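Below is one structure, written out as structure tokens, with a few remarks after it.
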Amino acid sequence: MSAMHYWLMKSEPSSFSIEDLRRRKIEPWDGVRNFQARNMLRDEMQKGDLAFFYHSSCAEPGIVGIMEIVRGGYPDPTAFDPMDHHFDPASDPDKPRWYQVDVRFKRKLRRVIALAELRVHKKLQGMQILLRGNRLSITPVSKQEWDYILKLE
DNA sequence: GCCAACGTTGGC
DNA sequence: GCCAACGTTGGC
């Protein structure tokens with residue numbers, strides 16, 4: 001038994017949006033091909049954790065919804081599929097390189113909390129996603145940041 | 001479309 | 001192990 005954690009997970013809505021997740025209810029969060037993010041998927045994200053769904057590379061980048069981790073890290077099968085866009089010949093099924101979690105849609109926020117808005121708040125200055133040059137598609141969010149952001153809604 | 005920032009690869 | 005070249009991310 002360990003404390004639950006909070007996360008922020010980016011996705012380009014043109015490939016997978018909060019609406020897509022709402023329709024599908026539960027989805028594997030696959031295709032992550034960055035070692036730092038992989039380590040979080042594999043080692044830190046646990047069933048019961050909550051995550052912000054963040055839309056990136058779109059007209060209004062920002063937080064759009066909330067989801068729950070319903071299965072902790074397990075090998076990402078798309079890495080083994082030569083037909084898949086995320087195929088990685090270096091990932092051996094006996095020693096998988098890439099991991100994923102399963103997420104479940106909880107709800108959309110009543111409005112988009114845009115990146116530009118997040119930047120305005122002093123209390124959020126330490127958020128990893130706001131730090132210069134940050135490109136990680138998965139970042140931890142502190143409970144304080146989580147609660148603060150939800151009060152903005 | 002531009003470009004800053006960063007990660008990965010591979011030659012040496 | 002260094003580091004230049006290259007690829008990717010993602011805001012603007």
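The values are calculated or read from the model by the stated rules, or taken from the named source; none is laboratory data. These numbers were taken from a predicted model, which means no experiment stands behind them. Every residue, glycine among them, receives a Cβ derived from its backbone with ideal geometry; neighbour counts consider all protein chains shown. Areas reflect the complete protein model, heavy atoms only, side chains present, ligands, DNA and RNA absent. Shrake-Rupley method; radii C 1.70, N 1.55, O 1.52, S 1.80 Å.
Figures for the structure shown
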item: Mean Cα-pair separation over length for chain A, i.e. relative contact order, pairs under 8 Å, 6 or more apart, %; result: 30 percent
item: Rounded to whole Hz, the Karplus (6.51, -1.76, 1.60) HN-Hα couplings of the stretch A:135-150, x for glycine and proline; result: 10, 4, 7, 10, 9, x, 10, 6, 4, 4, 5, 4, 5, 4, 5, 5
item: Other-chain or far-sequence residues with amide H under 5 Å of A:ASP49's (modelled H); result: A:HIS5, A:ILE69
item: Heavy-atom accessible area per residue - chain A, 1.4 Å, Å²; result: 56 Å²
item: Partners for A:LYS151 among lysines (Cα-Cα distance below 27 Å; same-chain residues under 8 apart left out); result: A:LYS10, A:LYS25, A:LYS47, A:LYS106, A:LYS108, A:LYS122, A:LYS123, A:LYS143
item: Amide H within-cut-off set for A:SER56, under 5 Å, with H built and near neighbours excluded; result: A:SER11, A:GLU12
item: Helix-only [θ]222 nm of chain A, DSSP H runs n ≥ 4, -39500 (n - 2.57) each, per residue, nearest 500; result: -4500 deg cm²/dmol
item: Net charge dipole size for chain A [Lys, Arg +1 and Asp, Glu -1 on Cβ; Debye, nearest 20]; result: 700 debye
item: Protection proxy ranking of A:127-133, A:64-70, A:45-51 - average other beta-carbon atoms within 10 Å, highest first; result: A:64-70, A:45-51, A:127-133
item: Tensor-based shape of the stretch A:31-75 (alpha-carbon gyration tensor, a/c under 1.5 rounded, otherwise prolate or oblate); result: oblate
item: Residue among A:HIS85, A:GLN36, A:GLN128 farthest towards the positive dipole end of chain A, charges placed on Cβ; result: A:GLN128
item: Protein-only accessible surface order, largest first, of A:TYR99, A:TYR54 at 1.4 Å; result: A:TYR99, A:TYR54
item: Accessible carbon and sulfur surface of the stretch A:5-153 relative to its total accessible area, %, 1.4 Å; result: 49 percent
item: Per-residue HN-Hα couplings for the stretch A:100-108 [Karplus 6.51, -1.76, 1.60; θ = phi - 60°; Hz; x = Gly/Pro]; result: 9, 10, 9, 10, 10, 4, 9, 6, 7
item: Span per principal axis, largest first, for the Cα atoms of chain A (Å); result: 45, 36, 31
item: Accessible surface ranking that places the most exposed of A:GLU145, A:GLU44 first, with a 1.4 angstrom probe; result: A:GLU44, A:GLU145
item: Farthest toward positive dipole pole in chain A [+1 Lys/Arg, -1 Asp/Glu at C-beta], among A:ALA59, A:VAL103, A:SER137; result: A:ALA59
item: Gyration tensor verdict on the stretch A:1-85 (Cα atoms; rounded if a/c is under 1.5, prolate if a/b is larger than b/c, oblate otherwise); result: oblate
item: The stretch A:1-67 versus the stretch A:71-99: alpha-carbon centroid distance in Å; result: 18 Å
